Amino acid sequence: MTKRLKIAEILRTEPLNTTIQVKGWVKAFRNNQFLALNDGSTASNLQVVVDFENTDTAILDRLKFGAAIRAQGTLIESQGKGQKVELKATEIEIYGDCNPEEFPLQPKKQTLEFLREHAHLRFRTNTFAAVFRIRHKLAFAIHKFFEDRGFVYLHTPVITASDAEGAGEMFRVTTLPFDGTPRTESGEVDFSQDFFKRSTNLTVSGQLEAELGAMALGEVYTFGPTFRAENSNTTRHLAEFWMIEPEVAFNDLQDNMDLAEGMLSFVIGYVLEHCADDLKILEERLIEEEKSKPQDQRSEMTLTEKLRFVIDNKFERLTYTEAIDILKNSTPNKKGKFQYPVEGWGTDLQSEHERYLVEKHFKKPVILTNYPAEIKAFYMRQDDPKEGVPGPTVAAMDILFPGIGEIVGGSQREERYDLLVRRMHEMHIPEEELSWYLDTRRFGSCPHAGYGLGFERLVLFVTGMTNIRDVIAFPRYPGSAEF
Ligand code: ATP
Ligand code: MN
C-alpha cells in the first residue's frame, strides 16, 4: 500500500522521487494536465501533473472544481514555475464528482454575503479555510498559554439556574409544553414540573462558577460556548459565542491587566509564527477589500503589520475618568460628530467612543479601568473614593482593540462579604439565589480577579475579517439559526 501523505507534510519534507498518494479536492484543472489539489492541511495546493495521454477521457472530464479525488505517483522537482515540487500522477481515482452546473461555489471570488448564505460550503473557499485554520490555532494557543502557566481548565455548566449575573438576555431551557403549560395557583408558570424542577437558562458567562474553582485551584479558566439573546444586529455580536474566562486567586486589577495583555500578545504571536500562509491569504483579501473604500478610510497597516504592532507595543492604560476627559474635549465631540455626544461622567461608552480612543487618539490597544459602579456588574470590587472622580467606581477593566472595540471585559472581584451583599441589595439581586456564590466570601475569601475574552472578537481581529458571522462556522444571530 502506498502511503497517503497530507499536502502540508509533502511541502514540508519534499520526499522527492518516492511514490506517494494524495487525497483532496480539485481547486483547478488546466490544459487537461495541471491539477491544483488541496486537502485542507495547508493553504497551499499541490500541483498534480496528469498524464492525459494515458488517462481515460471520461476521468479527465470529471476533474472539475470541487471534485474529491485520489492521485498516486512520484513526487518530483517541479518542471514549471510557481512550485518546487509536483506529483507526476500515474493513477487518478475520483471519489465524488462536483457538477459545476449545480455546485453553488465558483472558482472565482464570491461575496462574503453569498458565502454566508452557503455557510455549509464556505469552508471550501481559500478565505474560510484560512479563517478556520487560524481559529483552531488561536484556540490551541489559548490552551497552551494557560497550560504553560499552570492554570486548570474548568468546564462550567452550559445550563444554569442563575439568572442574576445580568450579562445579557438569556435563552430559556425547558421541557414544559407550550400548550397547556402547567400553572401555579397564582397563574404563573409552574417550573416545579419542569425538567430541573426550576427555571433554567443557557449560560451567559461561566465567571461565577469559575470563581468557585479559583477559590481552591488558584488559577482556572473556562473556554466554552455562551449565549445571549440580545437583539444586537451588529458585526460584533452573536447570540452564541465562545468565551475564555480566566479567574485567578490573589490577583488584583494590575495583575489582571498584565495577564490579559500577556495572553493577547502570546496568542497573536503564536499565529504570526505558525500561520504565515493563511495570514497571507487573508492579508491579500483585506487589501482587495480595502480597494473599494475611500482612501482616507483604508487602514494604514497590512494585517500582519497590525498584528505585529499589537505585540510590539504596550497597551495604553487609563481610567474611565481620564477617557471621558479626552472624549469630551475631542474634535468629533465638539463638532457634534458623535451619534451619542459625550456630556459627562457616568454614562457608558458607545462603540464609536471606544473606537475613537483606540483608532484615532492612541492608535493602539487601550485598557480602560475604574468605571462608574453604576454601569458595571455587582461583583466588581468597589474602589476607594478618589479626588477628582465624581462618583463611586469599581476595579473594572475593558480592553479595546482597533476595528473591534471591546474585546475583553474584566475586573477585580469584590471579595468583601458585606460590601458585596450591600451592592446586591442596591441592584435588587436576590441574595438567596446566589447563596452558593456568597459562600466564597464567607469561607476563606481572598482578593481575586478575572476577565472574559470573546473568542470570535479575537478571531475577527487576527483574521482581519469584518463581520463576526464570518469567523464562526455556523453563526447564530437574530432571525438565523441555519445549519
Ligand atoms: P458589548 O458591550 O460589546 O456588548 P459586553 O459588555 O456585553 O460587550 P461582557 O459581558 O463583558 O461584554 O463579555 C465579555 C466579552 O465577551 C466581551 O468583551 C466581548 O469580547 C465578548 N462578547 C460579549 N457579548 C458578545 C456577543 N454578543 N457576541 C460575541 N462576543 C461577545
Ligand atoms: Mn453586550
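The values are calculated or read from the model by the stated rules, or taken from the named source; none is laboratory data. Since the model is a prediction, treat every value here as computed from it, not as a measurement. Cβ coordinates were reconstructed from backbone atoms using ideal geometry, including for glycine residues, and neighbour counts include every protein chain displayed. For accessibility, only protein heavy atoms count, side chains too; no ligands or nucleic acids. Shrake-Rupley method; radii C 1.70, N 1.55, O 1.52, S 1.80 Å.
So here's what we get for this one:
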item	result
Gain in span if fully extended, ARG308 to GLU93, counting 0.36 nm per residue against the direct Cα distance	73.0 nm
If the convex hull is drawn through the Cα atoms of the chain, its volume per residue in Å³	204
Net dipole in debye of region 345-412 [+1 Lys, Arg Cβ; -1 Asp, Glu Cβ; about Cα centre; nearest 20]	220
Segment ARG298-ALA8, extension gain: residue separation times 0.36 nm, minus the distance between their alpha carbons	101.0 nm
Among ALA216, GLN382, MET301 - extreme Cα towards positive end, dipole of the chain, charges at beta-carbon	MET301
5 angstrom amide H check on ARG413, placed H, neighbours 5+ away	ARG381, HIS448, ALA449, GLY450
Set LYS23/LYS108; LYS3/LYS64; LYS3/LYS306; LYS109/LYS364 screened for pairs whose C-alpha atoms are more than 30 Å apart	LYS3/LYS306; LYS109/LYS364
In Hz, Karplus ³J(HN,Hα) per residue of region 18-33 (6.51, -1.76, 1.60; θ = phi - 60°; x = Gly, Pro)	10, 7, 9, 10, 10, 9, x, 10, 6, 9, 6, 8, 10, 6, 6, 9
Solvent exposure of the chain as accessible area per residue, Å², 1.4 Å probe	50
Unit charges at the beta carbon, dipole of the chain: most positive-side option, GLN47, ASN251, TYR437	GLN47
With at most 12 other Cβ atoms within 10 Å, longest stretch of the chain clear of loop trypsin sites (Lys or Arg not before Pro) (DSSP)	199-313
Percentage relative contact order, the chain, counting C-alpha pairs under 8 Å, at least six apart	14
Rounded to the nearest 20 debye, dipole of the chain from Cβ charges on Lys, Arg, Asp, Glu	1580
Positive-end residue of SER232, GLY403, ALA130, charge dipole of the chain with Cβ unit charges	ALA130
Percent accessible area from carbon and sulfur atoms, the chain, protein chains only, probe 1.4 Å	49
P(r) of region 229-338 over all Cα-Cα pairs, binned every 10 Å from zero, in whole percent	10, 22, 38, 26, 3
Mean separation of Cα contacts under 8 Å (6+ apart) over length of region 339-483, as relative contact order %	18
The chain, helix-only ellipticity at 222 nm - DSSP H runs n ≥ 4, -39,500 (n - 2.57), divided by all residues, nearest 500	-9000 deg cm²/dmol
